[in-house]
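Here is the structure we will look at, set down as structure tokens.
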Amino acid sequence: MKKAFFYEELEDKKVRCNTCPRRCVVRDSETGFCGVRKNLRGKLNLLTYGLPVTTSLDPVEKKPFYHFAPGTNVYSIATMGCNLRCKFCQNYPISYGWSKIEGNNVSPEQIVKNALDTGSQGIAYTYTEPTVFLEYCLDTAEKTDEQTYNLFVSNGYMTKEVAEKIGEKIDGINVDLKGGKNLYRDICEVYDESPIYDALKVLKREGVFIEITMLLIPDFNDSDKEITERVEWVKQNLGKDTPLHFSRFTPRHKMRNIPPTPVETLERAIDIADQKGMEYVYCGNIPGHQREHTYCPDCGKNVIKRNGMSVVERNLNSYGGCDNCGYEINIGGKKYIDMES
Ligand code: SF4
């Protein structure tokens, strides 16, 4: 257990958590919406601190990060709890479908050691929502040295002050922009999604490397209009060089009656993003698709060739430019990879 970083004390031993935009007011002995932040005698505590419920070693591409230290392995951790209630959640048993907090006792120092022992170049805070276990993430990131990167895989539903704090130590973030107002309200129990966009602007300003994922759910968020609106926002506010992943939905949890996203839908979304001038647009969860590779926006050369989650060929110069025409490819975390190889 650890005292929370972002909260204020109110009257009658109540507290207001300022970690995510729900800004829960929590009474003594109660927990906030996420179930893992508890008020104990007027102080807010993170119950899941040091209690990872799952860890694994993954290619960074699996997160997905296609432009941050491509080809490296990342040690991934999660604790229980989430600040959303997505009906399609693939990690439902650990995000919000639990009755008791579980996890193994592992200190931030030990997480870093485990990451290094497994040969990974970084640590990813993922699977559930890292904003909700923020203190554990940041204390762990604090223990890493210059050789190890730190990544968030997030729903982006965090306060601006948290986004600023993340910028101090987290190198990259992949934010899942789930859809329009109705989807957030009806499927995720988020009644105002604007803080997600505000947080993204702060993260960009703070120099955090950003990739965006859009999971396309048939008939929920896959209309041309909705896709266009989100793509335009990303281009305008984060830049045309922001890697953009359109990801296939597969039936799960409370949305098992919805069919998987047709490949044609993903390709329609890719066409829209291409036409809007986005430079790096990917097709997710369709292994072998031609849009799993990175193409130079200038000359069209395949500069990072992938086979599923593996990088099999890199055609970049030592500065991260296309080795055919020299166009600078937006690559984050270059210092973690050998650009000469
Ligand atoms: S992190 Fe949890 S307790 Fe804090 S505001 Fe968000 S849902 Fe509420």
Is there a residue in region 220-236 that is more than 17 Å from Val281 (Cβ to Cβ), without any contact (Cβ under 8 Å) to a residue 24 or more places away in the chain and open to solvent by 30 Å² or more (accessible area, probe 1.4 Å)?
-> yes
Among the residues of region 300-316, count how many are open to solvent by 50 Å² or more (accessible area, probe 1.4 Å) and either closer than 23 Å to Val231 by Cα or in contact (Cβ under 8 Å) with a residue 40 or more places away in the chain (or both).
-> 3
Conditions (1) open to solvent by 10 Å² or more (accessible area, probe 1.4 Å); (2) within 15 Å of the chain's Cα centre (by Cα); (3) more than 20 Å from Ile210 (Cα to Cα): number failed by Leu84 = (1)
Every listed condition ((1) open to solvent by 60 Å² or more (accessible area, probe 1.4 Å); (2) within 16 Å of the ligand (Cβ to nearest atom); (3) modelled with pLDDT under 95) holds for Lys43 save (3)
Every residue from region 3-35 that is in contact with a Gly (Cβ under 7 Å, 6 or more places away or on another chain) and more than 7 Å from the ligand (Cβ to nearest atom) = Glu9, Lys13, Val15, Asp28, Gly35
Just one of the numbered conditions (1) open to solvent by less than 10 Å² (accessible area, probe 1.4 Å); (2) over 15 Å from Tyr75 (Cβ atoms); (3) away from the ligand (no atom under 16 Å from the Cβ); (4) at pLDDT 95 or above is not true of Ala163; which one?
-> (3)
Across region 256-283, the tally of residues that are open to solvent by less than 10 Å² (accessible area, probe 1.4 Å) and under 23 Å from Asn91 (Cβ atoms) stands at 4
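The values are calculated or read from the model by the stated rules, or taken from the named source; none is laboratory data. Computed from a predicted model, the values in this text were never measured in an experiment. Here the Cβ is made from the backbone with ideal geometry for all residues, glycine too, and neighbour counts use every protein chain on show. When the accessible area is computed, the model is the full protein with side chains, heavy atoms only, and any ligands, DNA or RNA have been set aside. Shrake-Rupley method; radii C 1.70, N 1.55, O 1.52, S 1.80 Å.
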